[in-house]
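Trainee: For reference, the structure I am asking about is given below.
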Amino acid sequence: MKKLLLSLALSLVSLSSFAQTTYEKAMSDKIAKIETSKTADEFHALSNDFVRIAEKEKGKWLPNYYAALAQIQKGRTLMREGKMDQLDAAADAAQKYVDLAMAADANNSEIYLLQKMIYSLKMVVNPMERYMTFGMKADEQLKKAESLNPQNPRVALIKAEDTYFTPAQYGGSQTKGIELFKVALEKYSSFKPKTALDPNWGKSEAEYFVSQAAGK
């Protein structure tokens, strides 16, 4: 009887380890595509892949986090293409997954940063009309993300973006933005994700802007 119970216990441990490995493999394969996807359709498909993982992995914040991030990146791609009429839909989709991630981990700098990015997407649809609502909310979420983890390099990255693309009359400039991208790179150099699946994106963007400035 003892041998049977021991065998059963070992089988359960083995199954648990296999499930964990399967989850981590599925996640890591998709996470790698965050940096390599280029089109809105690719980001949309990637978001759906993370949603399918989230449906199997109840209570984990990371699958929904990445589902939201992929939708945000879809929105940012559409923005660069001038398809402003599609930004609200992408932001709304991302919001659904951020809400689920927040329910699983309510005090996470990374999740608040995504909330900031969602509000920014909503704001740029019509900055003149929406700044006092979504623009102000975006600023609040960025401050919250920074307060939860001042060393988060992605907070520094998004602050650098905001400054770089904000006209000088409103307090921004490319010069100030480049200095903040350098700050972000310093934070990336010392940043260590808690796990192999935790957010670690954005360094290549900071490197790009700094290298562009150096080449001028």
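Trainee: Go over the candidates SER147, SER189 one by one and state the one that is surrounded by fewer than 17 Cβ atoms within 10 Å (Cβ to Cβ), closer than 21 Å to ASN108 by Cβ and at pLDDT 95 or above.
Mentor: On the way: SER189 fails: closer than 21 Å to ASN108 by Cβ.
Of SER147, SER189, the one residue that is surrounded by fewer than 17 Cβ atoms within 10 Å (Cβ to Cβ), closer than 21 Å to ASN108 by Cβ and at pLDDT 95 or above is SER147.
Trainee: Could you list all residues from the stretch 94-108 that are over 11 Å from ILE72 (Cα atoms), in a helix (DSSP H, G or I) and open to solvent by 10 Å² or more (accessible area, probe 1.4 Å)? Let's see the steps before the verdict.
Mentor: Step one: of the stretch 94-108, the residues over 11 Å from ILE72 (Cα atoms) are 96, 99-108.
After this cut, where a residue has to be in a helix (DSSP H, G or I) as well, the list is 96, 99-104.
Within the stretch 94-108, LYS96, ASP99, LEU100, MET102, ALA103, ALA104 meet the criteria.
Trainee: Applying the selection to the stretch 14-31, what residues are open to solvent by 90 Å² or more (accessible area, probe 1.4 Å) and modelled with pLDDT under 85? Even if it seems obvious, please write down each step before you answer.
Mentor: In the first step, residues of the stretch 14-31 are kept if they are open to solvent by 90 Å² or more (accessible area, probe 1.4 Å); the result is 15, 18, 25.
Matches in the stretch 14-31: LEU15, PHE18.
Trainee: Please verify whether LYS187 is closer than 27 Å to LYS30 by Cα, basic (Lys, Arg), free of Cβ contacts under 8 Å to residues at least 40 places away in the same chain and in contact with a helix residue (DSSP H, G or I) (Cβ under 7 Å, 6 or more places away or on another chain), treating the condition exactly as stated. Explain how you work it out, then say what you get.
Mentor: Working: closer than 27 Å to LYS30 by Cα: yes; basic (Lys, Arg): yes; free of Cβ contacts under 8 Å to residues at least 40 places away in the same chain: yes; in contact with a helix residue (DSSP H, G or I) (Cβ under 7 Å, 6 or more places away or on another chain): yes.
Here the answer is yes, as LYS187 does meet what is asked.
Trainee: Filter the stretch 32-60 down to the residues that are open to solvent by 40 Å² or more (accessible area, probe 1.4 Å) and in a helix (DSSP H, G or I) and list them by number. Please lay out each step first, then the result.
Mentor: Taking the stretch 32-60 first, the residues open to solvent by 40 Å² or more (accessible area, probe 1.4 Å) are 32-33, 35-36, 38-39, 41-42, 44-45, 48, 52, 55-60.
Listed by number, the residues that qualify are ALA32, LYS33, GLU35, THR36, ASP41, GLU42, HIS44, ALA45, ASN48, ARG52, GLU55, LYS56.
Trainee: Taking the stretch 75-89 only, how many residues are open to solvent by less than 60 Å² (accessible area, probe 1.4 Å) and free of Cβ contacts under 8 Å to residues at least 40 places away in the same chain?
Mentor: Of the residues in the stretch 75-89, 5 are open to solvent by less than 60 Å² (accessible area, probe 1.4 Å) and free of Cβ contacts under 8 Å to residues at least 40 places away in the same chain.
Trainee: Would you check which residues across the stretch 137-180 are of a type in the set (Phe, Trp, Tyr) and assigned to a loop (DSSP other than H, G, I, E, B) and list them?
Mentor: Of the residues in the stretch 137-180, the ones of a type in the set (Phe, Trp, Tyr) are 164-165, 170.
None - no residue of the stretch 137-180 is of a type in the set (Phe, Trp, Tyr) and assigned to a loop (DSSP other than H, G, I, E, B), so the list stays empty.
Trainee: Tell me, please, whether a residue that is modelled with pLDDT under 95, outside any helix (DSSP H, G or I), open to solvent by 60 Å² or more (accessible area, probe 1.4 Å) and small (Gly, Ala, Ser) can be found in the stretch 198-216.
Mentor: Scanning the stretch 198-216 turns up at least one residue that is modelled with pLDDT under 95, outside any helix (DSSP H, G or I), open to solvent by 60 Å² or more (accessible area, probe 1.4 Å) and small (Gly, Ala, Ser).
The values are calculated or read from the model by the stated rules, or taken from the named source; none is laboratory data. Since the structure is predicted, the reported quantities are computational estimates derived from the model, not experimental observations. A quick note on method: Cβ atoms are made from the backbone with ideal geometry, for glycine too, and the neighbour counts reach across all protein chains shown. Ligands, DNA and RNA are stripped out before the accessible areas are found, and what is left, the full protein with its side chains, is counted by its heavy atoms. Shrake-Rupley method; radii C 1.70, N 1.55, O 1.52, S 1.80 Å.
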